[in-house]
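Q: Could you have a look at this structure, given as structure tokens, before my questions?
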Amino acid sequence: MPDPPEAGRVRAILLDIEGTTTPVDFVTRVLFPYARERAREFLNRRARAVRDDLALLFSEHEANERGGQSPPPWRAESPPDTLNSAVLYMHWLMDRDRKSTALKALQGRIWEEGYQAGHLRGQVYPDVPGAFARWRAQGRDLAIFSSGSVLAQKLLFSRSEDGDLTPFLRAYFDTTTGAKGDPASYRKIAATLGHPPEAVLFLSDVTAELDAARDTGMDTALCVRGGNAPASEGHRVVRSFDQVS
């Protein structure tokens, strides 16, 4: 198991959300069902405002069809048919936990209304606010990399049960940067933050993501929130941000 990185060498900390800063149950049992239940009504009201997201959704649907993945048919004979097709395809993507950029954008917009209405409040693990404050006091840059849209990320941290945590965060990255399993994504993030990859520590609960980050030279740590640690594949294991000095 590798030793922890030297505190002085880490100039930026990059964080996953689900299972790292935020309980998995909040995402799977609160956010995802909220968006699923409101997708149809939301699109009926906001279709014109989100037409670019819908166009991207249709493009992704066509790519799935060409790839032989058999998504539900997309019928566009009339606006109601188009909206119904969009909803069915969104549900199909959700059922398969697809990291669709269009889906994530639409989910973020649905959640935005939920946060604004007071139906939703972001959740983070108890050690997160203190760690954010400690790391920033040390002069480190903090950034988020999640498959959820940048909008969804900002909403979760700005309207959390622990208050507005966004002043601690410098940058947000989503699937528009690249796939979380692609080393190129982490090189882009390091470049955007203005640090060499070797000066960035990435925390995630998914070893495949950590592998990709490590391939660029980033320091990595597998975040395990309760239960037994999975195979860490050579990444050090932390069970609390209190272990990240």
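Q: Would you please name the residue that is farthest from the chain's Cα centre (by Cα), looking only at residues in region 221-236 that are part of a strand (DSSP E or B) and either closer than 19 Å to PRO126 by Cβ or touching a residue at least 60 places away in the same chain (Cβ under 8 Å) (or both)?
A: Taking the candidates together, the pick is ARG236.
Q: Can you tell which of THR82, THR20 is more than 24 Å from the chain's Cα centre (by Cα) and β-branched (Val, Ile, Thr)?
A: THR82
Q: With (1) over 24 Å from VAL224 (Cβ atoms); (2) part of a helix (DSSP H, G or I); (3) of a type in the set (Gly, Ala, Ser) as the list, and GLY118 as the residue in question, which single condition is left unmet?
A: All conditions pass for GLY118, except number (2).
Q: Which one of these is in contact with a Leu (Cβ under 9 Å, 6 or more places away or on another chain), modelled with pLDDT of 95 or more and under 16 Å from ASP97 (Cβ atoms): LEU14, LEU31?
A: Selected residue: LEU31, the only one of LEU14, LEU31 that is in contact with a Leu (Cβ under 9 Å, 6 or more places away or on another chain), modelled with pLDDT of 95 or more and under 16 Å from ASP97 (Cβ atoms).
Q: Which one of these is in contact with a helix residue (DSSP H, G or I) (Cβ under 7 Å, 6 or more places away or on another chain) and closer than 17 Å to VAL50 by Cα: GLY122, GLY114?
A: Within the list GLY122, GLY114, the selection yields GLY114.
Q: Any residue at all in region 25-43 that's under 25 Å from the mean Cα position of the chain (by Cα), outside any helix (DSSP H, G or I) and not aromatic (Phe, Trp, Tyr)?
A: No, region 25-43 has no match at all.
Q: Any residue at all in region 211-220 that's outside any helix (DSSP H, G or I), touching a strand residue (DSSP E or B) at 6+ places or on another chain (Cβ under 7 Å) and over 27 Å from THR101 (Cβ atoms)?
A: Within region 211-220 (the criterion being outside any helix (DSSP H, G or I), touching a strand residue (DSSP E or B) at 6+ places or on another chain (Cβ under 7 Å) and over 27 Å from THR101 (Cβ atoms)), the answer is yes, since at least one residue qualifies.
Q: Checking PRO73 against (1) modelled with pLDDT of 95 or more; (2) touching a helix residue (DSSP H, G or I) at 6+ places or on another chain (Cβ under 6 Å); (3) surrounded by fewer than 18 Cβ atoms within 10 Å (Cβ to Cβ); (4) farther than 19 Å from THR20 by Cβ: exactly one of these is not met. Which one?
A: Tallying (1) modelled with pLDDT of 95 or more; (2) touching a helix residue (DSSP H, G or I) at 6+ places or on another chain (Cβ under 6 Å); (3) surrounded by fewer than 18 Cβ atoms within 10 Å (Cβ to Cβ); (4) farther than 19 Å from THR20 by Cβ, PRO73 fails exactly one: (2).
Q: Same structure, new question: For region 151-186, which positions are of a type outside the set (A, V, I, L, M, F, W, C), closer than 21 Å to ALA131 by Cα and not in a helix (DSSP H, G or I)?
A: The answer is ARG159, SER160, GLU161, ASP162, GLY163, ASP164, ARG170, TYR172.
Q: Select from region 13-31 the residues that are surrounded by fewer than 19 Cβ atoms within 10 Å (Cβ to Cβ), within 14 Å of SER147 (Cα to Cα) and hydrophobic (A, V, I, L, M, F, W, C) and list them in ascending order.
A: Selection gives VAL24, VAL27.
Q: Let me ask something additional. Would you please list the contacts, defined by Cβ atoms under 8 Å and residues six or more apart or on different chains, that run from a residue in region 178-207 that is surrounded by fewer than 20 Cβ atoms within 10 Å (Cβ to Cβ) to a residue that is of a type in the set (Asp, Glu) and modelled with pLDDT under 95?
A: Close Cβ pairs satisfying both conditions: THR207/GLU233.
Q: Right, next: Across region 98-115, which residue is farthest from the chain's Cα centre (by Cα) among those that are among the small types (Gly, Ala, Ser) and part of a helix (DSSP H, G or I)?
A: For region 98-115, the residue satisfying everything is GLY114.
Q: Further, regarding this structure: I need the full set of residues from region 128-150 which are surrounded by 17 or more Cβ atoms within 10 Å (Cβ to Cβ) and not in a helix (DSSP H, G or I), in order please.
A: Correct list: ARG140, ASP141, LEU142, ALA143, ILE144, PHE145, SER146, SER147, GLY148, SER149.
Q: Looking only at region 187-198, how many residues end up being touching a strand residue (DSSP E or B) at 6+ places or on another chain (Cβ under 7 Å) and within 24 Å of VAL224 (Cβ to Cβ)?
A: Counting residues in region 187-198 that are touching a strand residue (DSSP E or B) at 6+ places or on another chain (Cβ under 7 Å) and within 24 Å of VAL224 (Cβ to Cβ) gives 1.
Q: Select from region 166-223 the residues that are at positive phi and out of contact with any Lys or Arg (no Cβ under 7 Å at 6 or more places or on another chain) and list them in ascending order.
A: The answer is GLY194, GLY217.
Q: Given the conditions (1) outside the structural domain of ALA191 (by TED's automatic domain parsing); (2) outside any helix (DSSP H, G or I); (3) buried (at least 16 other Cβ atoms within 10 Å of the Cβ), report the number of the one that TYR89 does not fulfil.
A: Going through (1) outside the structural domain of ALA191 (by TED's automatic domain parsing); (2) outside any helix (DSSP H, G or I); (3) buried (at least 16 other Cβ atoms within 10 Å of the Cβ) one by one, TYR89 breaks only (2).
The values are calculated or read from the model by the stated rules, or taken from the named source; none is laboratory data. As the structure is a prediction and not an experimental result, all values here were calculated from the model. Quick reminder, even Gly has a Cβ in these numbers, built from the backbone with ideal geometry, and neighbours come from all protein chains shown.
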